[in-house]
Structure formats: C-alpha cells, structure tokens
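In what follows, a structure is listed as structure tokens, so that the remarks can point back to it.
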Amino acid sequence: MNIHPIFDRLVTRQEQERLLNQKGNVLWFTGLSGSGKSTIAEALERQLFNQGYFVKVLDGDNIRSGINKNLGFSLGDRKENIRRIAEVAKLFLDSGAIVLCSFVSPTIEIRDMAREIIGSDDFKEIFVDTPLSICELRDVKGLYKKARAGEIKEFTGIDSPFEAPENPTLILKTENRSVAECVSEAIQLI
Ligand code: ADP
C-alpha cells in the first residue's frame, strides 16, 4: 500500500487535457504477428502528430528492450509483460496522451487485465484481423519460418493459441487493403 498518496496534489488528467486540447485515449491493437498492428499504429501516430496531437506508440521494440527486458515468453512472463505495458499506458493516459499499444496480447484474459488496469471507458480494443496464411506469407521478421522449423516454440498462431476478441471496438481487415484505409478507419475512434 502507498501510505502517502500524493494524487490529490498533482496536476490532474483533466488539466493536462485542457492544456493539450485533446482527450486522452488508449487504442489497443491486438492480432497475430505480421497482421499489421505496428504498421497501422506508426502511420496513425504520424498522422495524429502532424495534426498537432500528443501521441505515443508502445510496442515490443520500446518495451521489451527496456522496461521489460527481463521477461521471456512463458505464460507468466507474457502476463507480466502486458501488466506493465498497461500500467505505462495508464501513466501516459493520465498525462492526456493518445496511446497506441501494439501487442499480440493473444488471450482474452490478458486483454481483460489490460482493460481493467486502463479502465474500460478509455480502452479501445482494435482487432487487426489478418488471416494466419497472410501473416505467414508476409513473414515480416522471418519468425513464422523459424516457428515452422521448430526453432521458436510456442509461437502465437502456430503452436500457441490466439483468441480473437469477442466484442472489439473495431475490427480492421488488412488483406487487400491499404495501410491508409486502415488508418482512416482507426482515426474515427479518436
Ligand atoms: P505486427 O506489428 O502485427 O507484427 P507489422 O506491422 O510488423 O505487423 O507487419 C505487417 C506487414 O503487413 C507490413 O509489412 C505491412 O507493410 C503489411 N501490410 C499490408 N497491408 C497492410 C495493411 N492494410 N495494414 C497494415 N499492414 C499491411
């Protein structure tokens, strides 16, 4: 327990939002590796930034290489990974930021935990719904090839399950669609 809470003295989220002239938000992109989460989040970040918004992308690159570099891919570590990400997203949210989180986050339980930490009013779940066959064809990082060869164990979609969201805020199909089309759909949520 925090025995000396200071929240009542700190600048509030409402004050930050007024300063920034925007409303804080968390867009949580979930989907298979290679489905397009990072590509869409990055393009969306650039577009929002160009329009004058304070926006932050959280993804495997800036999280797993830093705050979560001591974590692996066991179920326990995957949960801890997402718990910390959600807490970081919440801190940005409290500063009025638009936070774009791009993580496979493969199970309903794991995403529910994130939703609970962030708060359901501010948590927008975006399912980047690309068939496994397409993700595997893209194989952006060569990971599917390695997973099929048995060099990577428990790879989501191959030998570890992905549970599609039951009631996402938005479903983005990327097959035969441009990144720009997907971005313009996602931006409607802001
Ligand atoms: P993830 O972050 O989900 O692992 P990436 O964004 O790294 O996926 O890779 C997605 C790949 O799919 C990129 O090479 C991207 O150019 C390609 N792609 C093709 N069409 C789309 C689309 N409509 N939206 C997003 N990515 C797309």
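The values are calculated or read from the model by the stated rules, or taken from the named source; none is laboratory data. None of these values were measured; they are calculated from a predicted model. Note: ideal-geometry Cβ built from the backbone for every residue, glycine included; neighbour counts use all protein chains shown.
Any residue in the range 148-162 that is part of a helix (DSSP H, G or I) and away from the ligand (no atom under 12 Å from the Cβ)?
Yes, the range 148-162 has at least one match.
Which residue pairs have Cβ atoms closer than 6 Å, lie 6 or more positions apart in sequence or on different chains, and pair a first residue in the range 163-190 that is closer than 24 Å to T107 by Cα and charged (D, E, K, R) with a second residue that is in a helix (DSSP H, G or I) and within 13 Å of the ligand (Cβ to nearest atom)?
E175/I134
Condition first: within 10 Å of the ligand (Cβ to nearest atom), in a helix (DSSP H, G or I) and among the polar types (S, T, N, Q). Now tell me which residues in the range 22-78 satisfy that.
Scanning the range 22-78 gives S38, T39.
Looking for whichever is hydroxyl-bearing (S, T, Y), at pLDDT 95 or above and surrounded by fewer than 19 Cβ atoms within 10 Å (Cβ to Cβ) here; the options are S102, S178. Which one fits?
Working: S102 fails: surrounded by fewer than 19 Cβ atoms within 10 Å (Cβ to Cβ).
Only one candidate qualifies: S178.
Failed condition for A97, given (1) away from the ligand (no atom under 16 Å from the Cβ); (2) farther than 30 Å from R18 by Cβ, with all others met?
(2)
Any idea how many residues of the range 1-21 are among the aliphatic types (A, V, I, L, M) and assigned to a helix (DSSP H, G or I)? Working first, answer last.
Narrowing the range 1-21 to residues among the aliphatic types (A, V, I, L, M): 1, 3, 6, 10-11, 19-20.
Now drop any that are not assigned to a helix (DSSP H, G or I), which leaves 19-20.
Qualifying residue count, the range 1-21: 2.
Say whether the condition of being polar (S, T, N, Q), in contact with a helix residue (DSSP H, G or I) (Cβ under 9 Å, 6 or more places away or on another chain) and within 20 Å of S33 (Cα to Cα) is met by at least one residue in the range 92-99.
Within the range 92-99, the subset polar (S, T, N, Q) is 95.
Next, from what is left, pick out any that are in contact with a helix residue (DSSP H, G or I) (Cβ under 9 Å, 6 or more places away or on another chain): 95.
Going one step further and asking which of them are within 20 Å of S33 (Cα to Cα), we end up with none.
Checked the range 92-99: no residue is polar (S, T, N, Q), in contact with a helix residue (DSSP H, G or I) (Cβ under 9 Å, 6 or more places away or on another chain) and within 20 Å of S33 (Cα to Cα).
Within the range 124-147, is there a residue that is surrounded by fewer than 18 Cβ atoms within 10 Å (Cβ to Cβ), more than 16 Å from the ligand (Cβ to nearest atom) and without any contact (Cβ under 8 Å) to a residue 24 or more places away in the chain?
There is no residue in the range 124-147 that is surrounded by fewer than 18 Cβ atoms within 10 Å (Cβ to Cβ), more than 16 Å from the ligand (Cβ to nearest atom) and without any contact (Cβ under 8 Å) to a residue 24 or more places away in the chain.
Do we have A89 as within 16 Å of the ligand (Cβ to nearest atom), assigned to a helix (DSSP H, G or I) and of a type in the set (G, A, S) here? Give the derivation first.
Values: within 16 Å of the ligand (Cβ to nearest atom): no; assigned to a helix (DSSP H, G or I): yes; of a type in the set (G, A, S): yes.
In short, no.
So, of the residues in the range 166-190 that are polar (S, T, N, Q) and in a loop (DSSP other than H, G, I, E, B), which turns out to be nearest to the ligand (Cβ to nearest atom)?
Once the filter is applied, the top-ranked residue is T174.
Answer yes or no as to whether C101 is in a helix (DSSP H, G or I) and either in contact with an Asp or Glu (Cβ under 9 Å, 6 or more places away or on another chain) or in contact (Cβ under 8 Å) with a residue 24 or more places away in the chain (or both).
Numbers: in a helix (DSSP H, G or I): no; either in contact with an Asp or Glu (Cβ under 9 Å, 6 or more places away or on another chain) or in contact (Cβ under 8 Å) with a residue 24 or more places away in the chain (or both): yes.
So C101 fails the test.
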